[in-house]
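Read the structure below first, then the notes.
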Amino acid sequence: MTKFFMSFLVCVLLSVVLTGCGGKVEDTYTLATLREATRGDLLSPGFKFSFDTPQFIAVHKNVSMVREGNLIEFFVGDGLEGEVQNVMGRKFIIGARKLFNPLIHFTVDFMVVGNDTVRVGEPYDVTLPGLLKARDYSTEEFEEVELDELTSNRLKLRSIQDTRFKVSEAKVTYEEVVVDNEPTMMYILHLKNVRFLIEDPNDAVQLVLKALINEDHYFEGGVSYGSIASRGFREGTNSAGYITIEYINYGGMVVGTR
């Protein structure tokens, strides 16, 4: 079956499905791969495309990351996290519009699963992760430290006190930690001999941390460590205290928090 015929068939099917749900479709969505849609290899009136069961590698609130091979793009939609959870493990089609500001991304208009169509639409308020270029940050601002030498011992932690440093090959988990007698779900950065609690990650950082966990990738980026936590806190949380994520290298992108 040719690509043209497949695109035509999907457009017809989407039109029938959406019209049957009470909506009149004036525009069609051209079936495309993610690479065709982002690189301009396939044109569509109004930059409207449909994607057959795209691979969501992470979704947080209204923003998601979709992978196709080594290509990763952002998709947004109102309540997208819940809608994606509802279709996981099933075949589905997404209709989305390609937008260009502040960077190339896609707004999900609807999702088709079997005979059901769920309208999604543009979120009222959404912030895409800030992608940095080499001129926007300098890794020279972050120190090289002996990561394997770090433990939760105060003497060891003095070497990174009030310091910004690089981290590589660190595992990320999301698990329950008891803080001040309250069980709390937290993202945790694991080094060889110690772990750090990730303090107040913003939505962009949480999205990328979810992708790292879901794809079983190591963390690589820059973090900052402030004052040394009390001995009681370190022992109670089985950690060296809090660190703040400054930037993350992921899939050829650098996601920054500033």
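Simple point charges give the picture: +1 on the Cβ of Lys and Arg, -1 on the Cβ of Asp and Glu, and for the range 137-258 a dipole about the Cα centre of about 280 debye. In this simple spin-label approximation, Leu103 and Asn70 carry label points 7 Å from Cα along the Cα→Cβ vector, and these lie 1.8 nm apart. A full extension of the chain between Asp180 and Asn193 corresponds to an added length of 2.3 nm, given 0.36 nm per residue minus the alpha carbon distance. The packing ranking, built from the mean of other Cβ atoms within 10 Å per residue, places the peptides 242-252, 204-214 in the order 204-214, 242-252, highest first.
Of Gly77, Gly89, Gly46, which is the most mobile in a GNM of the chain whose springs link Cα atoms less than 10 angstrom apart? Largest GNM mean-square fluctuation: Gly89. A crude spin-label estimate for the pair Asn238 and Asn214, with each label 7 Å from Cα along the Cβ direction, gives 2.7 nm.
Quick check: from the Cα gyration tensor, does the chain come out rounded (a/c under 1.5), prolate or oblate? Verdict is prolate for the chain. Sort the range 101-253 into rounded, prolate or oblate with this rule: let a ≥ b ≥ c be the square roots of the eigenvalues of the Cα gyration tensor; rounded if a/c is under 1.5, and if a/c is not under 1.5, prolate when a/b is larger than b/c, oblate otherwise. Prolate, because a/c is 1.5 or more and a/b exceeds b/c. Phi angles across the range 59-72 convert, under the Karplus curve 6.51 cos²θ - 1.76 cosθ + 1.60 with θ = phi - 60°, into 3J(HN,Hα) values of 9, 9, 6, 9, 10, 9, 10, 10, 10, 9, x, 9, 9, 10 Hz, Gly and Pro given as x. Counting only Cβ charges, +1 for Lys and Arg and -1 for Asp and Glu, the dipole size of the chain around its Cα centre is about 440 debye. Axis of helix 3-20 versus longest Cα principal axis of the chain: the two differ by about 90°, to the nearest ten degrees.
Every number here is computed from the coordinates shown, using simple stated rules; none is lab data. For clarity, every value in this text was computed on a predicted model and none was experimentally measured. Glycine also receives a Cβ, built like all others from the backbone with ideal geometry; neighbour counts cover every protein chain displayed.
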